[in-house]
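Worksheet: the structure to be examined is printed underneath.
The values are calculated or read from the model by the stated rules, or taken from the named source; none is laboratory data. Since the structure is predicted, the reported quantities are computational estimates derived from the model, not experimental observations. Cβ placement follows ideal geometry from the backbone for every residue including glycine, while neighbour counts extend to all protein chains displayed. Surface accessibility is based on the protein's heavy atoms, side chains included, excluding ligands, DNA and RNA. Shrake-Rupley method; radii C 1.70, N 1.55, O 1.52, S 1.80 Å.
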Amino acid sequence: MAGQGRSGVAVPAPPGGRGRAHDSAGKPARGGMAHGSAEQADPRSLRPGARTASLLAGWRAALRHAWPEWWPVWIGLAVLFLPTFFSLFTGAWIGEEQGHGPMIFGLALWLIYRKWPQVRALEPASSVAGWPVLVLGLMLHLLGRSQHILMFEIGAILVVLAAVVLVKCGARALRVLWFPFFFMLFMVPLPSEFVAAVTMPMKMAVSWATEQILFAAGYPIGRSGVVLQIGQYQLLVADACAGLQTLLTLEALGLFYLNLMRHPSAFRNVGLALLIIPISFSANVIRVIVLTLITYHYGDAAGQGFLHGFAGMVLFLTALVLILAVDSGLQWTARRRQVRRGEGT
């Protein structure tokens, strides 16, 4: 099929090869950075310094090309959400319970950045459904901002961004970007009543598992509900150590890993997605054990100071290691199943 130039003139391709770009007069176009230019050097074949300069030049050209069309959108989003982000970074997002928010949002933007070339490859389109979605997002933002409802205020970010994609790029673009927008759901806080109802059984289970493991290891530990008594110290298992938000954060981490790996095996994908829940529970137990041992050996000040924050890093590192280990086990199991099927045929 013949390609079509920017001027709308169809140019037949010569047999056995790609046609050169032509301008509206039918003459071969001169080389350059413009669309429809002649063959350019592959950036991957350049030296590292030249490759970086080439990529930066390409990004500058793309920004100059997109600026006249997108600048009202960027300004509108900045006016709408900069006060929200200022409030989040000076309030909810500096605490442990919602501290995963900036990580989730940053990873979602990175996923959109990775998918954006596929969006640009689509035919330009606009969906009328984007306008009611935009109105819904603005109403959510107004209600959440005025009434201090964090769930609505953060959820409005997701809804407004989805509306912008629908209006500017169409429904097909939103389908391409479905996972980044789904991933952003994990940064939206849930109602406190629901979180409290689900968190208490989780804290009880984590406290019980910690007591059993440390008692089996010979430590003088006892438990009353979610309060652990080890030596002369008492530790309360808080929501941030074993709560629903921590579980959802680790679930998001596992789904992000699945999206990056893109395993062709449905067995590995479904198996790992289901096993993320016990992995998250195990990582929470390890974190509480680490905090309990730090307090027992180094005192209450150490357990509540820098090492308490370090235990949070241990939580995510432990979860990541467990995810990688379980994924390797599932990969080995999938290969064994393929070998058995091959032997059976």
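Would you confirm, using the coordinates I've provided, whether VAL135 is open to solvent by 60 Å² or more (accessible area, probe 1.4 Å) and assigned to a helix (DSSP H, G or I)?
yes
Is there a residue being within 16 Å of VAL188 (Cα to Cα), of a type in the set (D, E, K, R) and open to solvent by 90 Å² or more (accessible area, probe 1.4 Å) anywhere in the stretch 99-114? Quick ask: steps written out before the conclusion?
At the first step, the residues of the stretch 99-114 found to be within 16 Å of VAL188 (Cα to Cα) are 99-109.
Subset that is of a type in the set (D, E, K, R): none.
Within the stretch 99-114, none of the residues are within 16 Å of VAL188 (Cα to Cα), of a type in the set (D, E, K, R) and open to solvent by 90 Å² or more (accessible area, probe 1.4 Å).
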Those residues of the stretch 81-98 that are open to solvent by 80 Å² or more (accessible area, probe 1.4 Å) and closer than 18 Å to VAL159 by Cα come to a total of 1
When the stretch 218-233 is examined, which residues are found to be in contact with a Pro (Cβ under 8 Å, 6 or more places away or on another chain) and either open to solvent by 20 Å² or more (accessible area, probe 1.4 Å) or modelled with pLDDT under 75 (or both)?
GLY231
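Can you report the number of residues in the stretch 234-243 which are modelled with pLDDT of 70 or more and of a type in the set (A, V, I, L, M, F, W, C)? Explain how you work it out, then say what you get.
Just the residues of the stretch 234-243 that are modelled with pLDDT of 70 or more, to begin with: 234-238.
Now drop any that are not of a type in the set (A, V, I, L, M, F, W, C), which leaves 235-238.
Matching residues across the stretch 234-243 total 4.
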Can you tell me which residue among PHE281, PHE267 is surrounded by fewer than 20 Cβ atoms within 10 Å (Cβ to Cβ) and farther than 21 Å from THR333 by Cβ?
PHE281
Checked pairs for the stretch 211-231, first assigned to a loop (DSSP other than H, G, I, E, B), second open to solvent by 60 Å² or more (accessible area, probe 1.4 Å) and not basic (Lys, Arg), C-beta under 8 Å and 6 or more apart or across chains, list as TYR219/TYR296; GLY225/MET204; VAL226/MET200; VAL226/MET204; VAL226/LEU236; GLY231/PRO220; GLY231/TYR296
Checked the stretch 109-140 for anything among the charged types (D, E, K, R) and out of contact with any helix residue (DSSP H, G or I) (no Cβ under 6 Å at 6 or more places or on another chain); matches are ARG114, ARG120, GLU123
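Which one of these is open to solvent by 30 Å² or more (accessible area, probe 1.4 Å), more than 16 Å from ASN284 (Cβ to Cβ), out of contact with any helix residue (DSSP H, G or I) (no Cβ under 9 Å at 6 or more places or on another chain) and not charged (D, E, K, R): PHE182, PHE215?
Values: PHE182 fails: out of contact with any helix residue (DSSP H, G or I) (no Cβ under 9 Å at 6 or more places or on another chain).
Going through PHE182, PHE215 in turn, the sole match is PHE215.
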Failed condition for LEU140, given (1) farther than 22 Å from GLU193 by Cβ; (2) open to solvent by 20 Å² or more (accessible area, probe 1.4 Å); (3) assigned to a helix (DSSP H, G or I):
(1)
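So for the stretch 295-306 (the condition being among the polar types (S, T, N, Q) and at pLDDT 80 or above), does at least one residue qualify? Write out each step before concluding.
Taking the stretch 295-306 as the starting set, the residues that turn out to be among the polar types (S, T, N, Q) are 295, 304.
Keeping just the survivors that are at pLDDT 80 or above gives 295.
Yes; the residues of the stretch 295-306 include at least one that is among the polar types (S, T, N, Q) and at pLDDT 80 or above.
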Go through (1) open to solvent by 60 Å² or more (accessible area, probe 1.4 Å); (2) in a helix (DSSP H, G or I) for VAL128 and report which single condition fails.
(2)
